[in-house]
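The values are calculated or read from the model by the stated rules, or taken from the named source; none is laboratory data. In this text, all values refer to a predicted model and were calculated from it rather than measured experimentally. Note: ideal-geometry Cβ built from the backbone for every residue, glycine included; neighbour counts use all protein chains shown.
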Amino acid sequence: MKKNFQLISIATLLTFSLTAQDVLVVDGGSIFVANNGLITVKGGVVNQNAGTIDNSGDIRVTGDWTNNGGNTMLVNNSQGTVVLDGANQSIKGSDITDFHNLTLAGGSSIKTMELNTNVANVLDLGDEELQTNDNTIFVNNPSPSSIVWNTGFVNSDSLGGYLARATNSTSEYLFPVGSDLLTDVYRPVTLKPASSNANIYGVRLSDEDPNLDNSGTSAAGATGPFPTANKGAQIKKVNEDFYYNIHRLTGTDAVEVQVDFFNSDGNFQTLAQWNGSSSQWEKRDFIYSPSTAGSAFNSPDINLTKSVVNDFNTDVFALAEIEFEIKVPGGLSPNADNYNDNFVIENLEFFPENELVIFNRWGDIVYEATPYLNDWHGQVNGKMILAGEDVVNGTYFYVLKLDPNNESDIYKGSLELRRK
């Protein structure tokens, strides 16, 4: 059964609710939902023949949202909320809907977009997955707080799909992109524009191997696949579990880019960018540091940050492992002269799960750390009577494991400790 509202106005929904079963069809008419009013549709909503909804209250829908009206359906000078509150729902039709506030609910469901969608004010992801496919969800409110979520996230399974945000400040704009195919779900991106000019930036997380993704065309014109074997200088490995599209859709400002990920993703130290002209991945100089993203993104371990990104000729980025040498010093002189006071292993910061054990000549452990943070200055922390005391001058031996699960990444050797 369909509930049709045709060529009528409803302006008295201030203190009570209206419930419609199966499908609410707006067929060339107008619906007015007053402030504090509520329409509950236990089914879908269909707009056709230039129907409109002027919503200052709430419209709660358990089925699909379909706009075939030849217009944007919702009159966005009325600041109401549409709540998609079903199991799995679609936003579809021949025409783009302009939502004012869009809230996703239903309990860890999937909301699928079959065309681009606009949100003028706040997008609340709740606990749901918003699957954009090859479409873009535009959040046009430039406030950094215009997207909220609990455990929800945005995923785009096809090239050309994005979560897009308008910006007009130098604040940090968070993009809660993720995939339930990945452990810990989130692989968030944070963008910080260089100025307060108006820009729109889009982010996509692809949970597909870049070697296999030929799902479409990105906003920058990139078409897959993107073979990880095609690597430029200094790149040892490109992540094959997921990658990003990061693009400036409108505007001219450079942007600071930060991506956060987990140790379990692999030993990656930078981002690589696909060069469409040379058909290869090229190293970009991102700074590696511990993540500060926190529990909002399931507490990732590492972030990679580049303060100025202004090259969007191709918008394809992936975590990359770079070629470098672990350099273990031959000794240290911990005499507080600020020179060679600590046992500093060059490039060790790129192996956050390392283990270091230092022995004396009798085989006693004088120091051990997991991870080692380049901070040993000659004191005992091993299982010895003199724990906490300075070790004596002499020759010591070390075993360094870069990855405890990889027996091939082990360094062994000796070092000299001299305080004078």
Fill in the blank from the handout: The condition from (1) within 20 Å of Asn303 (Cβ to Cβ); (2) out of contact with any Asp or Glu (no Cβ under 6 Å at 6 or more places or on another chain) that Ser179 misses is numbered (2)
Practice task
Quickly run through the stretch 265-310 and pick out the residues that are among the hydroxyl-bearing types (Ser, Thr, Tyr) and under 15 Å from Val238 (Cα atoms).
Solution key: Thr270, Ser279
Exercise for the section: Considering each of Tyr372, Tyr367, Tyr339 in turn, give the residue that is among the aromatic types (Phe, Trp, Tyr) and under 26 Å from Gly266 (Cα atoms). Expected result: Tyr372
Completion exercise
Among the residues of the stretch 65-86, the number that are more than 20 Å from Gly29 (Cβ to Cβ) and either among the basic types (Lys, Arg) or assigned to a loop (DSSP other than H, G, I, E, B) (or both) is 3
Practice task
Look through the stretch 161-204, keep the residues that are in a strand (DSSP E or B) and of a type in the set (Gly, Ala, Ser), and return whichever of them is surrounded by the most Cβ atoms within 10 Å (Cβ to Cβ).
Solution key: Gly202
Problem - Residue among Thr132, Thr136 that is in the same structural domain as Gly93 (by TED's automatic domain parsing), within 16 Å of Leu84 (Cα to Cα), crowded, with 18+ Cβ neighbours inside 10 Å and within 18 Å of the chain's Cα centre (by Cα) - result: Thr132
Problem - Scope the stretch 293-350; condition of a type in the set (Asp, Glu), assigned by TED's automatic domain parsing to the domain that holds Ser218 and more than 25 Å from Ala229 (Cβ to Cβ); matching residues - result: Asp301
Problem - Every residue from the stretch 313-326 that is of a type outside the set (Asp, Glu), surrounded by fewer than 17 Cβ atoms within 10 Å (Cβ to Cβ) and touching a strand residue (DSSP E or B) at 6+ places or on another chain (Cβ under 8 Å) - result: Ile326
Fill in the blank from the handout: Note on the stretch 254-274: residues part of a strand (DSSP E or B) and surrounded by 17 or more Cβ atoms within 10 Å (Cβ to Cβ) are Val255, Val257, Gln258, Val259, Asp260, Phe261, Thr270, Leu271, Ala272, Gln273, Trp274
Practice task
Considering every residue within the stretch 392-402, establish whether at least one is part of a loop (DSSP other than H, G, I, E, B), modelled with pLDDT of 90 or more, touching a Leu at 6+ places or on another chain (Cβ under 9 Å) and not assigned by TED's automatic domain parsing to the domain that holds Thr270.
Solution key: yes
Handout entry: Answer from Ala229, Ala233 - the residue that is of a type in the set (A, V, I, L, M, F, W, C) and modelled with pLDDT under 95
Key = Ala233
Handout entry: Boolean, Thr305 is within 30 Å of Gly152 (Cα to Cα), more than 20 Å from the chain's Cα centre (by Cα) and modelled with pLDDT of 90 or more
Key = no
Practice task
Inspect the stretch 244-253 for any residue being without any contact (Cβ under 8 Å) to a residue 40 or more places away in the chain and either in a loop (DSSP other than H, G, I, E, B) or surrounded by fewer than 18 Cβ atoms within 10 Å (Cβ to Cβ) (or both) and give the result as yes or no.
Solution key: no
Fill in the blank from the handout: Gln79: passes all of (1) modelled with pLDDT of 95 or more; (2) in contact with a strand residue (DSSP E or B) (Cβ under 8 Å, 6 or more places away or on another chain) but (1)
